[in-house]
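*Asks:* I am attaching a structure below and will ask some questions about it afterwards.
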Amino acid sequence: PSSHCHSMIRSADNPETRELAQRLLAYEGAAESPSKTAMPAVFHVCDKLRRPLSTLAGVAGFRSLLARALAMAKHEAPILGAVKVQEDGSLQGMSAESAEAGDVLVAHLIGLMMTFIGEPLTLRFLHDVWPDLPGSNANSGGRKST
């Protein structure tokens, strides 16, 4: 395996990042009503992260982060080949088959977030978006003060 970009970027083959991505997707999948299963959980995870990250980095910043995560994920999961990032930062072209590789994409996105904004802020974002995510160590910070 080539390690030219893994040295500075926390990779999605990091077991913690991959496990966190799988938990987010499982959580979003479980939250779905059966009639809405046409929309893969990976769309919901990326869409829910789009809001706080666009506030932090702007829509263009989020879009480039997601596009980079997608490019990295395509190397690992070529089935994602038809997926594209739209101008507004949403995903397009995800099929039921390519959604199976959603954990690869989400893990790379989380890994890039940790690289650019740090692990504590990334975990705080995830906890703000999914406050009741089971098994999350992001909620060790206690209740948010208002």
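The values are calculated or read from the model by the stated rules, or taken from the named source; none is laboratory data. In this text, all values refer to a predicted model and were calculated from it rather than measured experimentally. Cβ sites come from the backbone with ideal geometry, for glycine too, and all protein chains shown count toward neighbours. Accessible surface areas use protein heavy atoms only, side chains included; no ligands, DNA or RNA. Shrake-Rupley method; radii C 1.70, N 1.55, O 1.52, S 1.80 Å.
*Asks:* For segment 46-144, what class follows from the C-alpha gyration tensor (a ≥ b ≥ c being the square roots of its eigenvalues): rounded when a/c is under 1.5, otherwise prolate if a/b is larger than b/c, else oblate? If you can, show how the numbers build up before the last one.
*Replies:* Working: a/c = 2.04, a/b = 1.56, b/c = 1.31.
It is prolate, given that a/c is not under 1.5 and a/b is the larger ratio.
*Asks:* Just how much of Leu70 is accessible, in Å², when a 1.4 Å probe is used and the result is rounded to the nearest 10?
*Replies:* Approximately 10 Å² for this residue.
*Asks:* At a probe size of 1.4 Å, how large is the accessible area of Asp132, to the nearest 10 Å²?
*Replies:* 100
*Asks:* With each label point set 7 Å from Cα along the Cα-Cβ vector, what nm distance links Thr115 and Asp128?
*Replies:* 2.3
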